[in-house]
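Peer 1: Once you've had a glance at the structure underneath, I'll fire off some questions.
The values are calculated or read from the model by the stated rules, or taken from the named source; none is laboratory data. Everything quoted here is computed from the prediction, not taken from an experiment. Because the Cβ atoms are built from the backbone with ideal geometry, glycine has one as well, and the counts that use them run over all protein chains shown.
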Amino acid sequence: MARILVGCCGFPVGRERYYKAFKGVEIQQTFYRLPAIETAQRWREEAPRGFIFTLKAWQLITHEPRSPTYRRLKIKIAPQKEKNYGSFKPTDEVFEAWDATRLFAEKLGAGIVLFQCPASFTPEIHNKKNMARFFQSVNRRGFTLVWEPRGKWKGEEIKELCHELDLVHCVDPLKDKPLYGRLRYFRLHGKKGYRSRYELEDLKKVLEMCRGETFCFFNNMYMYEDAVEFSRLVGKRS
């Protein structure tokens with residue numbers, strides 16, 4: 001029987017209400033800008049016992065400053081240093097961004113950190129080398145690291161890197177198959193785009209793909225409603 005954790009990418013409703021509906025959440029805010037450490041401590045303390053946090057790694061690690069997501073970054077990056085950020089580059093700035101992400105995750109009690117890459121992070125040799133150096137160098141003790149590639153990556157390339165670097169391959173299960181990892185980590189972005197809702201048959205297909213320990217986080221406009229419905233299906237199967 002699969003152990004399935006259902007939740008949302010971020011809090012689509014107030015946290016008190018959310019905690020009553022789900023047993024886990026993927027923190028999104030940490031991707032755009034890291035909140036104060038006190039925020040991690042407060043979230044951990046207010047969550048019910050056994051509640052599971054995962055989080056998305058800071059964009060300074062994965063995305064370069066030309067990404068539109070940097071508009072939500074609160075710190076100012078000097079133009080001459082922009083080349084030092086993103087794409088897992090072996091720079092002090094990237095490694096410092098990981099140290100900050102790791103500290104927040106520790107205070108939050110999050111055992112899983114997701115690295116989402118933009119489609120512009122292509123399977124070029126230099127990108128693969130940067131990934132290898134990053135994941136082989138950083139302090140990852142106590143964490144399961146999850147990688148969500150986008151763009152034109154071949155399945156064999158993904159599987160090889162995940163095996164070499166001990167990463168879990170993250171997918172939208174209605175679009176791609178998970179290729180590697182001791183657990184399954186699904187992010188559901190909307191079958192027809194962010195603004196779409198999932199139909200019952202779609203949710204049943206997702207449930208069929210849950211094997212072993214599976215994390216299912218919804219990331220569409222109707223994430224709360226869809227996650228509640230999916231939780232009902234999980235409960236019926238149990």
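Peer 1: Among residues belonging to the stretch 134-159 that are in contact with a helix residue (DSSP H, G or I) (Cβ under 9 Å, 6 or more places away or on another chain) and outside any loop (DSSP other than H, G, I, E, B), point out the one that is surrounded by the most Cβ atoms within 10 Å (Cβ to Cβ).
Peer 2: Trp147
Peer 1: Restricting the search to the stretch 198-238, which residues are touching a residue at least 24 places away in the same chain (Cβ under 8 Å), outside any helix (DSSP H, G or I) and surrounded by fewer than 16 Cβ atoms within 10 Å (Cβ to Cβ)?
Peer 2: Listed by number, the residues that qualify are Arg211, Gly212, Glu213, Met221, Ser238.
Peer 1: So, of the residues in the stretch 55-87 that are assigned to a loop (DSSP other than H, G, I, E, B), under 18 Å from Gly10 (Cβ atoms) and of a type in the set (A, V, I, L, M, F, W, C), which turns out to be modelled with the lowest pLDDT?
Peer 2: Here the residue is Leu73.
Peer 1: Which members of the stretch 133-180 meet the condition of being touching a Gly at 6+ places or on another chain (Cβ under 9 Å) and modelled with pLDDT under 95?
Peer 2: If the condition is that a residue be touching a Gly at 6+ places or on another chain (Cβ under 9 Å) and modelled with pLDDT under 95, then Gly142 is the only one that fits.
Peer 1: Starting from residues that are more than 25 Å from Ser231 (Cβ to Cβ) and in contact with a helix residue (DSSP H, G or I) (Cβ under 6 Å, 6 or more places away or on another chain), keep the ones in the stretch 16-34 and report whichever is surrounded by the fewest Cβ atoms within 10 Å (Cβ to Cβ).
Peer 2: Among residues in the stretch 16-34 that are more than 25 Å from Ser231 (Cβ to Cβ) and in contact with a helix residue (DSSP H, G or I) (Cβ under 6 Å, 6 or more places away or on another chain), the one surrounded by the fewest Cβ atoms within 10 Å (Cβ to Cβ) is Tyr32.
Peer 1: Within the stretch 123-133, which residues are touching a helix residue (DSSP H, G or I) at 6+ places or on another chain (Cβ under 9 Å) and either within 28 Å of Glu106 (Cβ to Cβ) or not in a helix (DSSP H, G or I) (or both)?
Peer 2: Result: Pro123, Asn130, Met131, Ala132.
Peer 1: Follow-up. Please work out which one of (1) touching a Lys or Arg at 6+ places or on another chain (Cβ under 8 Å); (2) surrounded by fewer than 14 Cβ atoms within 10 Å (Cβ to Cβ); (3) among the hydrophobic types (A, V, I, L, M, F, W, C) is the condition Val113 fails and give its number.
Peer 2: Tallying (1) touching a Lys or Arg at 6+ places or on another chain (Cβ under 8 Å); (2) surrounded by fewer than 14 Cβ atoms within 10 Å (Cβ to Cβ); (3) among the hydrophobic types (A, V, I, L, M, F, W, C), Val113 fails exactly one: (2).
Peer 1: So is Pro65 of a type outside the set (A, V, I, L, M, F, W, C), more than 25 Å from Glu160 (Cβ to Cβ) and surrounded by fewer than 15 Cβ atoms within 10 Å (Cβ to Cβ) or not?
Peer 2: Considered against the rule, which asks whether it is of a type outside the set (A, V, I, L, M, F, W, C), more than 25 Å from Glu160 (Cβ to Cβ) and surrounded by fewer than 15 Cβ atoms within 10 Å (Cβ to Cβ), Pro65 comes out as no.
Peer 1: Shifting gears a bit: Could you list all residues from the stretch 1-54 that are assigned to a helix (DSSP H, G or I), basic (Lys, Arg) and either farther than 23 Å from Trp98 by Cα or within 20 Å of the chain's Cα centre (by Cα) (or both)?
Peer 2: Matches in the stretch 1-54: Arg15, Arg17, Lys20, Arg44.
Peer 1: Do we have Glu229 as of a type in the set (Asp, Glu) and either more than 26 Å from Tyr180 (Cα to Cα) or touching an Asp or Glu at 6+ places or on another chain (Cβ under 6 Å) (or both) here?
Peer 2: Criteria met by Glu229.
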